[in-house]
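These notes concern the structure reproduced below.
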Amino acid sequence: MADVKAKKDRKKPVVRVSYNEMEAFMMLPVLEGEEEPYTLDEINTALERAGVKSGIKTDLLEQIVIDQSCGYEHLIAEGTEAVDGIDGYFEYNFNTDLNRRPTIRPDGSVDYWSIHLVEIVEEGQVLAIYHEPVQGSNGMSVKGKLRKAKRGRPLPPLKGKGFDKSEDGLVYTSQIDGKIDMKNGRINIVPVYEVYGNADLSTGNIDFNGDVIVHGNVTTGISIKAQGSITVDGVVEASRIEANKDIVLRGGVLGKKRGIVSAKGCIYAKFFEYANVEACGFIEADSFLDCNVFCEDEVKLNGKKGSIIGGKTEAIKGITANVLGNESYKKTSIQVGIGVELLKRVNNAENELLEVQSLVDKLTEGIRQFDELGKEKNVDVKKDERRVALVRAKIAKTADLNICKEKVEYVHKLLEKAKGADIKITKKVFPGSKVMIDSLVVIVKDEQNGVNFVINEENNLVMYPI
């Protein structure tokens, strides 16, 4: 009876479960005197009491019983961690992150060759490889609780045009040589007009529904029009360059007072001399010399020179340059905010809208009078040739009216953009420079070093030192 009582009173195996329930430890208290050795049943009972039911190291338990290892903890159970799946992904074999702004070298010069607007691919080129999702595996705690793994999710196939897809849907290859664009998971490959040399009389004028790349110069008298972007590696002479998107002129422009550069997007050029320049986006260059420039956004002269000398430069949002004018006090005019050109466009757009609206109203009234006449005489006038002509004219003019409304909306957005426009000349302003913000004008009479032209609270155009 004493032995039985001693067995009942002795300390039981101690089981400790970690806070995350992924490990369980056991310690056998040290036996005293003639106490009988611990049995496997006692240990299993202790595990059951602690709720440990998964990942148990049975071989270790048996060895503990054999050795009667008392007085320190043993790691006797380990849970299984969940392994998350891997989502499907595309491995692209072309540059998906184009560099649309030039980089500034350590010496302050601008690297226009760093601009990368067009990514060219070749027929048969592997564009993308799809890696299918990898499914994960669930885990289990030492207490038998399921640890769910995150599922690997598939991606939808790439959409677009100009490429083929393998039967298994994993490999995408280009159908043609051309320019590749990627946006929102959609790939489009379109032809590119590429001139490997000069654009001159031998090539003739270019009018292309896409992007144009000229690896040489554009000689005097040549016209290049593109619905996409235009990139010229060499110098542009007295030519006409028009793009529906951006223009990059790595060699600059020698316009001879006849050169025209116009973009619906942005323009980047090494320099402009004696040229007419217009952009809906911003313009970045190293220098302007005797140019007429109109920009619906911001002009930045950010190279080593960063100069505006002569001519007129107008930018709705603002102008930043290093130098304005020169030592010869050459007349140089710059304008930001709401200038004459912008007001002219606003007035023209609004007047055109009023004229077209008046015509639509007259046509509407003419149709109404026909319909009233038909009611009076109880005659169906809908097929009357004169009424049909009025209806057709109204449809055409209504389409024109919608275009006019879009123009007015656009120029009013430009007016909003013009608010708060300023001019920063970071190094020197020479006498003879004419500075305008909105309708306010300052003629600089004394040389200035680093100034910011703004309109103050009293509605005066003033200069502040930078």
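The values are calculated or read from the model by the stated rules, or taken from the named source; none is laboratory data. Everything numeric in this text was worked out from a predicted model, so none of it was measured. Positions of Cβ are backbone-derived with ideal geometry, glycine not excepted, and every protein chain shown enters the neighbour counts. To get the accessible areas, we keep the full protein, side chains included, count just its heavy atoms, and leave off ligands, DNA and RNA. Shrake-Rupley method; radii C 1.70, N 1.55, O 1.52, S 1.80 Å.
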Scanning the stretch 93-128 residue by residue, those in contact (Cβ under 8 Å) with a residue 40 or more places away in the chain, open to solvent by 60 Å² or more (accessible area, probe 1.4 Å) and under 24 Å from Val192 (Cβ atoms) turn out to be Thr96, Arg100, Arg101, Trp113, Ile120, Glu122, Glu123
When every residue in the stretch 15-53 that is closer than 22 Å to Ser141 by Cα and of a type in the set (S, T, N, Q) is compared, the one least open to solvent (accessible area, probe 1.4 Å) is Ser18
Picking from Glu296, Glu314, the residue that is closer than 22 Å to Tyr410 by Cβ, without any contact (Cβ under 8 Å) to a residue 40 or more places away in the chain and touching a helix residue (DSSP H, G or I) at 6+ places or on another chain (Cβ under 7 Å) would be Glu314
Listed by first then second residue, the pairs whose first member lies in the stretch 54-67 and is closer than 13 Å to Ala24 by Cβ and open to solvent by less than 70 Å² (accessible area, probe 1.4 Å), whose partner is in a helix (DSSP H, G or I) and of a type in the set (S, T, N, Q), with beta carbons under 8 Å and at least 6 positions apart or on separate chains, are Leu61/Asn44
Log entry, pairs with first residue in the stretch 357-383 being under 25 Å from Asp400 (Cβ atoms), second being outside any helix (DSSP H, G or I) and open to solvent by less than 80 Å² (accessible area, probe 1.4 Å), beta carbons closer than 9 Å, six or more apart or on different chains, reads Phe370/Val381; Phe370/Asp384; Asp371/Val381
Scanning the stretch 179-202 residue by residue, the ones that are at pLDDT below 90 and on the phi > 0 side of the Ramachandran plot total 2
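Hey, could you check the stretch 449-466 for residues that are hydrophobic (A, V, I, L, M, F, W, C) and part of a strand (DSSP E or B) and say which is surrounded by the most Cβ atoms within 10 Å (Cβ to Cβ)?
Across the stretch 449-466, the extreme among qualifying residues is Phe453.
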Only one of (1) under 22 Å from the mean Cα position of the chain (by Cα); (2) in contact (Cβ under 8 Å) with a residue 12 or more places away in the chain; (3) closer than 19 Å to Val118 by Cβ does not apply to Ile176, and that is (1)
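Please verify whether Lys300 is closer than 22 Å to Asp438 by Cα, of a type in the set (Lys, Arg), open to solvent by 40 Å² or more (accessible area, probe 1.4 Å) and touching an Asp or Glu at 6+ places or on another chain (Cβ under 9 Å), treating the condition exactly as stated. Explain how you work it out, then say what you get.
Numbers: closer than 22 Å to Asp438 by Cα: yes; of a type in the set (Lys, Arg): yes; open to solvent by 40 Å² or more (accessible area, probe 1.4 Å): yes; touching an Asp or Glu at 6+ places or on another chain (Cβ under 9 Å): yes.
The answer is yes for Lys300.
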For the stretch 410-435, the count of residues that are within 22 Å of Lys331 (Cα to Cα), of a type outside the set (Asp, Glu) and not in a loop (DSSP other than H, G, I, E, B) equals 10
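How many of the residues making up the stretch 140-174 are over 30 Å from Ser229 (Cβ atoms), open to solvent by 80 Å² or more (accessible area, probe 1.4 Å) and part of a strand (DSSP E or B)?
If we filter the stretch 140-174 for residues that are over 30 Å from Ser229 (Cβ atoms), which is where we start, we get 140-154, 166-170.
Then keep just the ones that are open to solvent by 80 Å² or more (accessible area, probe 1.4 Å); that gives 145-146, 148, 150-151, 153-154, 167-168.
Restricting the remaining residues to those that are part of a strand (DSSP E or B) gives 146.
Summing the residues that are over 30 Å from Ser229 (Cβ atoms), open to solvent by 80 Å² or more (accessible area, probe 1.4 Å) and part of a strand (DSSP E or B) in the stretch 140-174 gives 1.
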The lone condition Ala399 fails out of (1) open to solvent by 90 Å² or more (accessible area, probe 1.4 Å); (2) at pLDDT 90 or above is (1)
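Quick one: which strands (runs of 3 or more DSSP E) lie wholly within the stretch 280-324 and hold at least 2 residues that are of a type in the set (Val, Ile, Thr) and modelled with pLDDT of 95 or more? Walk me through it before giving the result.
Numbers: elements: 283-285, 287-289, 292-295, 298-301, 307-309, 312-315, 318-324.
Once the strands (runs of 3 or more DSSP E) in the stretch 280-324 are filtered for at least 2 residues that are of a type in the set (Val, Ile, Thr) and modelled with pLDDT of 95 or more, what remains is 307-309, 318-324.
In the stretch 437-448, what residues are in a loop (DSSP other than H, G, I, E, B), more than 36 Å from the chain's Cα centre (by Cα) and surrounded by 11 or more Cβ atoms within 10 Å (Cβ to Cβ)?
Let us first name the residues in the stretch 437-448 that are in a loop (DSSP other than H, G, I, E, B), namely 438-439, 444-447.
With more than 36 Å from the chain's Cα centre (by Cα) added as a condition, the list becomes 444-447.
Correct list: Val444, Glu447.
For residues that are within 27 Å of Glu409 (Cβ to Cβ) and either open to solvent by 40 Å² or more (accessible area, probe 1.4 Å) or out of contact with any Ser or Thr (no Cβ under 8 Å at 6 or more places or on another chain) (or both), tally how many sit in the stretch 317-338. Outline the logic, then answer.
Our first condition is that a residue be within 27 Å of Glu409 (Cβ to Cβ); within the stretch 317-338, this holds for 317-319, 335-338.
Subset that is either open to solvent by 40 Å² or more (accessible area, probe 1.4 Å) or out of contact with any Ser or Thr (no Cβ under 8 Å at 6 or more places or on another chain) (or both): 317-318, 336-338.
Of the residues in the stretch 317-338, 5 are within 27 Å of Glu409 (Cβ to Cβ) and either open to solvent by 40 Å² or more (accessible area, probe 1.4 Å) or out of contact with any Ser or Thr (no Cβ under 8 Å at 6 or more places or on another chain) (or both).
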Yes/no for Glu350 being over 16 Å from Lys434 (Cα atoms), out of contact with any His (no Cβ under 8 Å at 6 or more places or on another chain), open to solvent by 30 Å² or more (accessible area, probe 1.4 Å) and touching a residue at least 24 places away in the same chain (Cβ under 8 Å): yes
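Does the stretch 410-419 hold any residues that are touching a helix residue (DSSP H, G or I) at 6+ places or on another chain (Cβ under 9 Å) and open to solvent by 50 Å² or more (accessible area, probe 1.4 Å), and which are they? Explain how you work it out, then say what you get.
Taking the stretch 410-419 as the starting set, the residues that turn out to be touching a helix residue (DSSP H, G or I) at 6+ places or on another chain (Cβ under 9 Å) are 410-412, 414-415, 418.
The answer is Tyr410, His412.
Quick one: which strands (runs of 3 or more DSSP E) sit completely within the stretch 227-266 and have at least 3 residues that are in contact with a strand residue (DSSP E or B) (Cβ under 9 Å, 6 or more places away or on another chain) and open to solvent by 30 Å² or more (accessible area, probe 1.4 Å)?
Values: elements: 230-232, 240-243, 247-249, 253-263.
Correct list: 253-263.
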